[in-house]
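Accompanying notes for the structure given below.
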Amino acid sequence: MAGQAPRTPSKPSAAPAGRFAVVAARFNEAISKKLADGAVAALSEGGVRPERIDVHWVPGSFELPLAAMMLARTRRYAGIVCVGVVIRGQTPHYEYVASAAAQGLSRVALETGIPVTFGVITSLTEEQAWDRAGGSVGHRGEEAARAALEMAAWTRDARSPRRRGRP
């Protein structure tokens, strides 16, 4: 599905509590750096102070789930934004890496209850990747950070005793 992700309907009512991590894959580093920078900017725009944002680099998108799991298990983070780039080549390697990253990051969120977002670009060409890193098709790093902010607020509210029993 192409296009920009839907915008968050509204800003959270209060400044986000806790720290946020951005985990970025170095493979296709120039694009990943743009994604990581966009994620940090979106977290800052969402009210997270710069000193409460930690950026971690890993070799590639395949390594994102392990890093996210280790960070989530510390319980220091309200949300973890994962960014990277997987570009299709001439072998099936693309499918293995993209699938492992997506399934692994989903597993981290489900097993830990910490919001982990998927800002990994999967594209057929480098040009398509750039289009998704702030070009004509949006900015996956910013979108993943906004999703992390929204889910951190949602999980905080869901855990609140005041909200239990309410629709």
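The values are calculated or read from the model by the stated rules, or taken from the named source; none is laboratory data. Computed from a predicted structure; not experimentally measured. Here Cβ is always computed from backbone atoms with ideal geometry, including for glycine, and neighbour counts include all displayed protein chains.
Checked against (1) in contact (Cβ under 8 Å) with a residue 60 or more places away in the chain; (2) within 15 Å of Gly141 (Cβ to Cβ); (3) small (Gly, Ala, Ser), Ser44 passes all but a single condition, namely (1).
Restricting Arg146, Arg156 to residues that are closer than 26 Å to Glu29 by Cα and either in contact (Cβ under 8 Å) with a residue 12 or more places away in the chain or part of a strand (DSSP E or B) (or both) narrows the list to Arg146. Number of residues in the stretch 23-53 that are more than 22 Å from Gln128 (Cβ to Cβ) and buried (at least 24 other Cβ atoms within 10 Å of the Cβ): the value is 3.
Please go through the stretch 65-78 and give me each residue that is buried (at least 17 other Cβ atoms within 10 Å of the Cβ) and out of contact with any Gly (no Cβ under 6 Å at 6 or more places or on another chain), ordered by number. Of everything in the stretch 65-78, those that are buried (at least 17 other Cβ atoms within 10 Å of the Cβ) and out of contact with any Gly (no Cβ under 6 Å at 6 or more places or on another chain) turn out to be Ala67, Ala68, Met69, Leu71, Ala72, Tyr77. Based on this model, can you work out whether Val137 counts as over 14 Å from the mean Cα position of the chain (by Cα) and crowded, with 23+ Cβ neighbours inside 10 Å? Taking the combined requirement at face value, the residue does not satisfy it. Of the residues in the stretch 122-130, none is of a type outside the set (Lys, Arg), buried (at least 17 other Cβ atoms within 10 Å of the Cβ) and under 24 Å from Arg52 (Cβ atoms). Could you tell me whether the stretch 111-131 includes any residue that is closer than 12 Å to Ala68 by Cβ and in contact with a Phe, Trp or Tyr (Cβ under 7 Å, 6 or more places away or on another chain)? Yes: one or more hits.
Just one of the numbered conditions (1) touching a strand residue (DSSP E or B) at 6+ places or on another chain (Cβ under 8 Å); (2) surrounded by fewer than 16 Cβ atoms within 10 Å (Cβ to Cβ); (3) more than 27 Å from Asp157 (Cβ to Cβ); (4) at pLDDT 95 or above is not true of Gly3: (4).
Does Arg88 satisfy being more than 20 Å from Arg132 (Cα to Cα) and more than 12 Å from the chain's Cα centre (by Cα)? In short, no.
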